[in-house]
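A short worksheet on the structure shown next.
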Amino acid sequence: MPELGFLSQSSSLPWMLGAAVLASLGAILVFAGLIALFGLHPLRFMTRTLLGLLLISLGLLEGTITVGIQGYRSLAREELAARIAVRPSGPQRFTATLRFPDGREATYPISGDEIYVDARILKWHALANLLGLNTAYELDRVGGRFRAIGQERSASRTLYALGKEKPLDLFDLRRRYTFLAPFLDVEYGSAAFVPVNEPAELELRVSTTGLLIREVGAAAKNR
């Protein structure tokens with residue numbers, strides 16, 4: 001299964017170190033505040049403790065963002081997310097082979113009239129852009145889609161996960177916690193689907209506005 005990474009271990013290391021430094025400085029200031037309290041210096045206690053708690057909070061926030069965005073790819077313009085080779089194998093059945101830019105590939109047997117792919121997309125406020133965080137995406141699922149609504153409701157669905165399991169997912173965290181709102185402008189899903197009537201080579205492309213599936217020849221003509 002392909003593993004799509006926005007932050008590699010080497011690129012995320014400075015972020016984690018920064019989070020650790022902020023949290024450590026904050027802990028030192030809180031400890032200094034407690035010493036000031038025992039020394040009967042209430043003003044020093046308040047200022048040092050509040051500043052320490054602020055630094056600890058910033059460190060935790062930076063650490064949460066760093067861990068939560070693992071698996072997402074940075075996106076500044078339209079780019080190729082995968083090449084897809086579809087081959088019919090029977091009535092309303094086909095195989096789809098996804099080849100990713102990192103060279104990995106995976107093949108899925110799919111039921112339906114159309115191939116369906118969706119993704120999670122994160123867009124950031126200008127404040128987060130200044131910190132080096134750009135729009136990011138992660139391919140989420142691939143599967144089949146039936147044209148007829150009745151068949152879509154009753155037929156057996158085929159759906160496969162493309163994203164990797166992670167201890168924290170910023171997409172889910174943003175839905176649950178409003179404290180990320182000053183950084184994360186919007187989080188939403190995007191999906192694309194095209195009919196599969198014959199063997200074809202497709203390109204799955206992603207931009208800041210969402211997913212797009214085109215035939216390879218058509219994509220070349222448009223560029």
Practice task
Search the structure for amide H atoms under 5 Å from the amide H of Lys164, placed 1.01 Å from N in the peptide plane, and list their residues when 5 or more places away or on another chain.
Solution key: Leu4
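On a full-extension model of 0.36 nm per residue, what is the gain between Glu165 and Glu198, subtracting their alpha-carbon distance, rounded to one decimal in nm? Write out the running numbers ahead of the final one.
Values: separation 33, 0.36 × 33 = 11.88 nm, distance 3.34 nm.
Answer, rounded to one decimal: 8.5 nm.
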Exercise for the section: Work out the FRET efficiency for Thr178 and Arg44 from their Cβ-Cβ distance, taking R0 = 35 Å, and round it to the nearest 0.05. Expected result: 0.60
Fill in the blank from the handout: Distance in nm between Ser24 and Glu78 label points, each 7 Å along Cα→Cβ, equals 4.7
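Taking the Cβ-Cβ separation of Leu17 and Arg93 as r and a Förster radius of 35 Å, what is the calculated FRET efficiency to the nearest 0.05?
Values: r = 50 Å, r/R0 = 1.44.
About 0.10, to the nearest 0.05.
Readers should treat all values here as calculations from the given coordinates under stated rules, not as data from a laboratory. As the structure is a computational prediction, the values presented were derived from the model and not from experiment. Note that we place each Cβ from the backbone using ideal geometry, even for glycine, and neighbour counts take in every protein chain shown.
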